[in-house]
Amino acid sequence: SLKVASVEPMLGSILRVLWTEVEKLLSERLARQHPTLKHQAALLINNYDLVVHTLAERGARGEESTHFEQLLDQVKTVFVEEQLLADNGKMISFVKQAEPLLVPGAPPEDAAKVDKGAMEHLTREFYDKWKAGIEAIHRDVVQSFSNFKLGMDILKQVLTQLLLYYTRFLDLVKQAFPHGPPFAQYILSIPTLMNEIKHFSRNF
């Protein structure tokens with residue numbers, strides 16, 4: 001008869017094959033049935049979260065559990081970025097393009113390439129739509145995740161990332177207009193945005 005010591009590696013190998021097939025089913029077949037990357041990420045998050053919790057409940061903490069926890073964190077990051085790109089894509093793109101041009105020590109000709117007209121337009125647009133945008137994020141997250149704790153975690157990540165992008169955007173405004181921009185009245189303050197984010201985070 002086989003000894004227990006020789007059976008355990010065999011079971012471990014079988015489990016690894018099983019979880020590999022589960023991962024392929026979720027990521028390569030089921031997720032691709034959804035039209036957008038955001039919806040694909042939401043499906044994977046819900047299912048990976050279920051797998052992680054199932055393994056934890058059965059005391060199967062180990063290599064497989066760690067693997068799915070890592071996958072869960074990766075797709076959370078994808079969802080957060082895709083959620084923000086849906087409503088704030090122009091601002092995010094502007095931040096990523098303008099930061100290298102306005103980095104301290106950059107030559108003056110780089111700073112001259114920054115589109116200040118676009119900067120003003122984005123500032124006004126965010127000022128007009130920021131509250132409705134946060135409400136839309138809240139609705140999307142509620143509809144995307146059935147697990148309350150998971151949904152709250154994702155919501156906080158999305159809103160925190162929004163705050164970080166907006167802070168980076170305002171830093172660019174300050175660098176482009178050292179003496180203050182002519183559209184200063186349309187700049188939403190960081191404390192105002194933070195208070196609204198705290199409100200939604202508490203009430204999810």
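The values are calculated or read from the model by the stated rules, or taken from the named source; none is laboratory data. This structure is a prediction, so every number in the text was calculated from the model and none was measured. When we count neighbours, we look across all protein chains shown, and the Cβ atoms used for this are built from the backbone with ideal geometry, even at glycine. Just the protein is used for accessible areas: all its heavy atoms, side chains included, with ligands, DNA and RNA removed. Shrake-Rupley method; radii C 1.70, N 1.55, O 1.52, S 1.80 Å.
Odds and ends about this structure:
- Qualifying positions in segment 63-94 - under 22 Å from residue 150 (Cα atoms) and of a type in the set (Gly, Ala, Ser): 65, 86
- Annotation note: Cβ proximity below 7 Å between a residue of segment 131-155 that is of a type in the set (Asp, Glu) and a residue that is assigned to a helix (DSSP H, G or I) and open to solvent by less than 60 Å² (accessible area, probe 1.4 Å) (sequence gap 6+ or interchain) occurs for 140/83.
- Where a residue in segment 70-85 is surrounded by fewer than 16 Cβ atoms within 10 Å (Cβ to Cβ) and its partner, wherever it lies, is part of a helix (DSSP H, G or I), with Cβ under 7 Å and at least six apart: 85/92
- Within the option set 115, 153, 140, 128, being charged (D, E, K, R) and under 20 Å from residue 96 (Cβ atoms) holds for one residue only, 115.
- Out of 161, 97, sole residue that is within 22 Å of the chain's Cα centre (by Cα) and free of Cβ contacts under 8 Å to residues at least 12 places away in the same chain: 97
Each row is one residue, and each column tells you yes or no for (1) touching a strand residue (DSSP E or B) at 6+ places or on another chain (Cβ under 7 Å); (2) more than 17 Å from residue 172 (Cβ to Cβ); (3) among the hydroxyl-bearing types (Ser, Thr, Tyr).
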| position | (1), (2), (3) |
| --- | --- |
| 103 | no, no, no |
| 108 | no, no, no |
| 111 | no, no, no |
| 115 | no, no, no |
| 123 | no, no, yes |
| 140 | no, yes, no |
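- Within segment 114-153, the residues that satisfy the criterion of being open to solvent by 60 Å² or more (accessible area, probe 1.4 Å), assigned to a helix (DSSP H, G or I) and either acidic (Asp, Glu) or on the phi > 0 side of the Ramachandran plot (or both) are 128, 135.
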